[in-house]
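Here's the structure, in structure tokens; my notes come after.
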């Protein structure tokens, strides 16, 4: 049952996201329109603007737009007009699109937002090229922005890109490590990976807006820290949805992360909890072919094993621990925002976005 205050909060967050999207979308479309027609078509498909034939697709999802909203609100929180952050918002949205496109290739994900991923629709080589184009366009879009803070903004974006790649590298390296024993991935290692892979770009988005809006360094730093905490919470919620999310909402099969044997926070927390459920889960995960491992990982085979693994993760406390992780970092993000000298209206909008994230999973 949804609490009335939750519904009001969700509506407020949706309004903030829609307002910021309307401000950023024209500049984002202009930037993508400057790409080579082929890479531009793939970029438009990845952004949910068109179908695989290049025809406008009003039924496709464009995503939530959290990062572009953070950039706009970062400027407004510093007392500037949100329009000064549009170039930063475009840049972070393009980086996000690039990272998802390449991430889908590395993970072998065939579906995103209830339709084929770019590599599945166009091929792996073309998808890599489209991702490269989005990456280059992001830096170019920000570098060409007017204003005295452009150089510092580009340097911050480049530092963030390094962070993001580091986090993705750590995530891929986790795949080769054992589930248990001295070499197992610890929850604190996963948390650090999530800050690099997901938190860095969210922090950059809010910080870029404040930077372009002329905010003092202390405010820029506070918004960056808030975004990084938000990113860790965001990753925790995504991990929950990757196991127990509704396919009609996530666009991915239930228990999908377990079928692909991804080392996510719920699983790692469950394995370190001890007890019968954790031991049975470890034995199941260490069995070759369990939980849909291998060629059938994206299909329907192994549903019973994946469902059993999900049950064991829950019984061992993995779901509860991950919710607590998300709540902890959302509270930390709010603390960063409350301690910074932000304009009241934008601070309220930022708080609405923070609250919205947790309600994706509960």
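What the table below lists for this structure:
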item	result
Filter result for residue 110 (over 25 Å from residue 22 (Cβ atoms), surrounded by fewer than 21 Cβ atoms within 10 Å (Cβ to Cβ) and more than 16 Å from the chain's Cα centre (by Cα))	yes
Flag if residue 163 is at pLDDT below 95 and either surrounded by 21 or more Cβ atoms within 10 Å (Cβ to Cβ) or farther than 18 Å from residue 104 by Cα (or both)	no
In the range 65-91, the residues that are more than 13 Å from residue 207 (Cβ to Cβ) and not in a helix (DSSP H, G or I)	65, 79, 80, 81
Criterion violated by residue 249 - all others in (1) in a helix (DSSP H, G or I); (2) more than 15 Å from the chain's Cα centre (by Cα); (3) at pLDDT 95 or above satisfied	(3)
Boolean, residue 262 is part of a loop (DSSP other than H, G, I, E, B), in contact with a strand residue (DSSP E or B) (Cβ under 7 Å, 6 or more places away or on another chain) and over 20 Å from residue 68 (Cβ atoms)	no
Sole residue being at pLDDT below 85 and in a helix (DSSP H, G or I), chosen from 291, 278	291
Residue 165 being under 24 Å from residue 221 (Cβ atoms), part of a helix (DSSP H, G or I) and touching a helix residue (DSSP H, G or I) at 6+ places or on another chain (Cβ under 9 Å)	yes
Selection count, the range 101-128, where residues are at positive phi and either in contact (Cβ under 8 Å) with a residue 12 or more places away in the chain or outside any loop (DSSP other than H, G, I, E, B) (or both)	3
Among the candidates 337, 342, residue that is at pLDDT 90 or above, farther than 27 Å from residue 177 by Cβ and in a loop (DSSP other than H, G, I, E, B)	342
Residue that is surrounded by 14 or more Cβ atoms within 10 Å (Cβ to Cβ), farther than 29 Å from residue 252 by Cα and touching a residue at least 40 places away in the same chain (Cβ under 8 Å), where the choices are 326, 321, 340	340
Of all residues making up the range 348-362, the number that are at pLDDT 90 or above and either under 9 Å from residue 13 (Cβ atoms) or crowded, with 18+ Cβ neighbours inside 10 Å (or both)	2
Qualifying position, being in a helix (DSSP H, G or I), in contact (Cβ under 8 Å) with a residue 60 or more places away in the chain and buried (at least 16 other Cβ atoms within 10 Å of the Cβ), among 215, 222	222
Qualifying residue in the range 311-318 (condition: in a helix (DSSP H, G or I), farther than 21 Å from residue 187 by Cα and either in contact with a helix residue (DSSP H, G or I) (Cβ under 6 Å, 6 or more places away or on another chain) or at pLDDT 85 or above (or both))	no
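The values are calculated or read from the model by the stated rules, or taken from the named source; none is laboratory data. None of the values given here were measured: they were computed from a predicted structure. FYI the Cβ positions are ideal-geometry reconstructions off the backbone, even for glycines, and counts take in every protein chain you see.
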